[in-house]
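Novice: Next up is a structure, given as structure tokens.
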Amino acid sequence: MKIMKFGGTSVGRPERMHQVSQLITAGDESKIVVLSALSGTTNALVQISDALAASNRAEAKQLIDKLEAHYHAFIGDLASTEASLQAAKAIVTEHFEFLNIILRISFSEALNKDILAQGELLSTKLFSVYLSEKGVKHVLLPALEFMTIDGYDEPQIGAIRVKLSQLLSTHADDKLFITQGYICRNARGEVDNLKRGGSDYSASLIAAAINASVCEIWTDIDGMHNNDPRICKTVPVEQLSFEEAAELAYFGAKILHPASIWPAQHYKIPVKLLNTMEPAAKGTIIVEEAGSTGVKAVAAKDGIISINIRSSRMLLAYGFLRKIFEVFEKYRTSIDMVTTSEVAVSVTIDTAVNLKEIIRELEPFGTITVEENFTIVSVVGNEIAETKEFLLKLFESIKEIPVRMVSYGGSRHNVSLLVNSTDKTTTLQALNKGLFGL
Ligand code: ADP
Ligand code: ASP
Ligand code: MG
């Protein structure tokens, strides 16, 4: 059985759904198809939720009406029979009635998650109507019945496996399943999600849970490129190891959700990144082996905060770093980069959620300086740390750019630089030229 995940742009227009239906009906292998919301929908739902959180009901209502009009136009083009148009209308009405009811309920975090879940529920149900109209036999699998996260928001792969195989066993004769990406249930049994871009993560988790032959991520570009295609002239990378792909995803390559590689890696499921608009393109294959050594790609992660702890008294004392790291652990905040000197230690984090508390608890250790608006630029490639002259080339290409921190040696296939976010574009372009000649 294989997994095929289609992102927002792949289902964002009726003619794209047509393309998707052709892709998923080719070949004999059974498939679980994971869909995102139509492109733009989750952003709109976030806006609706934000308006409600700010008690701005009039604005929320306007946004809901605008989104509903978009869906009515969408189904008008999607359905070609009166029966399927009516079925699609009933679905749109049901979900927008729900959003309108929510306008009258007082806002809560649980309600926010309910709002955000509407996109994937709509896209899968509408796609199901479309498939039925075309006579394509399929089963709609509700993700909320098998995709669960624990009290720390971590997916429960064991439980997902048990529930999913139970569900699949009740459809032993079926070969095509459609399910929602992104959405799940949390430890309290409420509707929740796997964070923005989470449908990739859903796909990889499902692939791991059913031991799929392959996890295909279909998107709007022909695979992982060597740099951010929105900023540089780029080319696709044919093969990546799980470790290289995981680093690129974690350090900002938007094509993959930051956590989406580990389930596939752990369960050794190959991942393919493919282009819905150009299905014949090679794309990228992600497997155990890197294919070749040397620099593969550069990625950038914004919104980085640097925290410097300076202490002439204690820094060299053993146990000092442990005490500092324990503060971050307590607030479940992961550290991306670390550098130490005799009198100071600097770390970077990517969220300000618990920043105030973290600083308060660090203060007894020394003088704390916090600076925001940094970007981590990561250069990734199999064994680059051992590649001759690599560092020379790297620093030669960015010699004009002030670098605040460097992480080298933490892994054999990643060198990370901390730069001001205002220097991000120049850094990516300079590396593109210096490392790839592009
Ligand atoms: P989907 O909706 O299919 O999940 P995303 O928008 O999340 O698609 O991811 C695909 C986009 O990621 C591409 O259109 C591209 O602009 C962006 N992107 C950023 N970095 C990279 C990269 N290194 N390689 C390929 N795409 C990238
Ligand atoms: N629809 C969700 C989002 O926009 C999940 C995804 O697209 O992967 O974040
Ligand atoms: Mg995405």
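Just so you know, all these numbers are worked out from the coordinates, no wet-lab data involved. Here the structure is a predicted model, which is why all the values come from computation and not from measurement. Note that each Cβ is placed from the backbone with ideal geometry, even for glycine, and that neighbours are counted across all protein chains shown.
Novice: Between the range 131-203 and the range 406-438, how many Å separate their Cα centres?
Specialist: With the range 131-203 and the range 406-438 each reduced to a Cα centre, they are spaced 37 Å.
Novice: Any idea what angle helix 57-78 forms with the longest principal axis of the chain, computed on alpha-carbon atoms, 0 to 90 degrees, nearest 10?
Specialist: The angle comes out at about 60 degrees.
Novice: Among S39, L168, V11, whose Cα sits farthest toward the positive end of the charge dipole of the chain (+1 at Cβ of Lys/Arg, -1 at Cβ of Asp/Glu, about the Cα centre)?
Specialist: The one lying farthest along the dipole's positive direction is S39.
Novice: Moving to a separate point now. Mind listing the long-range amide H neighbours of R185? Cut-off is under 5 Å, sequence gap 5 or more, other chains count too, H placed in the peptide plane at 1.01 Å from N.
Specialist: For R185, the qualifying residues are M147, T148, I149, D192.
Novice: Dipole of the chain (Lys/Arg Cβ +1, Asp/Glu Cβ -1, origin at the Cα centre): which of L205, P402, V129 lies farthest to the positive side?
Specialist: The one lying farthest along the dipole's positive direction is P402.
Novice: Using 1/(1 + (r/R0)^6) with R0 = 35 angstrom and r between the beta carbons of K134 and S55, what's the FRET efficiency to the nearest 0.05?
Specialist: 0.20
Novice: Could you name the aspartates and glutamates whose alpha carbon sits less than 19 Å from that of K31, not counting residues in the same chain fewer than 8 places away?
Specialist: Here the aspartates and glutamates satisfying the reach criterion relative to K31 are E120, E145, D173, D174, D200, E216.
Novice: May I pose another question? What does the C-alpha gyration tensor say about the overall shape of the range 380-438? Classify as rounded when a/c is under 1.5, otherwise prolate if a/b is larger than b/c, or oblate.
Specialist: Note, shape of the range 380-438 comes out oblate.
Novice: Can you find, among S49, T148, A26, the residue sitting farthest towards the positive end of the charge dipole of the chain, where Lys and Arg contribute +1 and Asp and Glu -1 at Cβ?
Specialist: Toward the positive end, the furthest listed residue is S49.
Novice: Let me ask something additional. Please tell me which of these pairs span more than 26 angstrom C-alpha to C-alpha: K89/K113; K61/K137; K272/K424; K268/K323?
Specialist: Violating the 26 Å Cα-Cα cut-off are K61/K137; K272/K424; K268/K323.
Novice: What residues from the range 113-136 fall in the zone where the backbone N is under 19 Å from a label point 7 Å along the Cα-to-C-beta line of V353?
Specialist: It comes to 113-117, nothing else.
Novice: So which residue, out of V343, V271, V403, gets the largest mean-square fluctuation from a GNM of the chain using Cα contacts under 10 Å as springs?
Specialist: Looking only at V343, V271, V403, the biggest GNM fluctuation is shown by V343.
Novice: Can you give me the angle between helix 424-436 and the longest principal axis of the chain, using Cα atoms only, in degrees from 0 to 90, rounded to the nearest 10?
Specialist: Between the helix axis and the principal axis of the chain, the angle is about 80 degrees.
Novice: Treating the beta-carbon of each Lys and Arg as +1 and of each Asp and Glu as -1, no other charges, what is the dipole magnitude of the chain about its Cα centre, to the nearest 20 debye?
Specialist: 200
Novice: Restricting to DSSP H runs of at least four residues, report the calculated mean residue ellipticity at 222 nm for the chain, -39500 (n - 2.57) per run over all residues, nearest 500 deg cm²/dmol.
Specialist: Taken over the chain, the calculation gives -12500 deg cm²/dmol.
Novice: While we're here: Would you mind checking the radius of gyration and Dmax of the chain based on alpha-carbon positions, in Å?
Specialist: For the chain, the Cα radius of gyration and maximum Cα-Cα distance read 23.4, 78 Å.
Novice: Give me the dipole magnitude in Debye, nearest 20, for the range 250-338 about the Cα centre, with unit charges on the beta carbon: positive for Lys and Arg, negative for Asp and Glu.
Specialist: Dipole of the range 250-338, to the nearest 20 debye: 320 debye.
Novice: Here is a follow-up. Where does helix 82-102 land angle-wise versus the long Cα axis of the chain, in degrees 0 to 90, nearest 10?
Specialist: 50
Novice: While we're on this one: Would you please report the Å³ per residue occupied by the convex hull of the alpha carbon atoms in the range 101-253?
Specialist: 172
Novice: Using a Gaussian network for the chain with springs between C-alpha atoms less than 10 Å apart, which of these wobbles most: Q62, Q156, Q47?
Specialist: Most flexible of the set in this elastic network: Q62.
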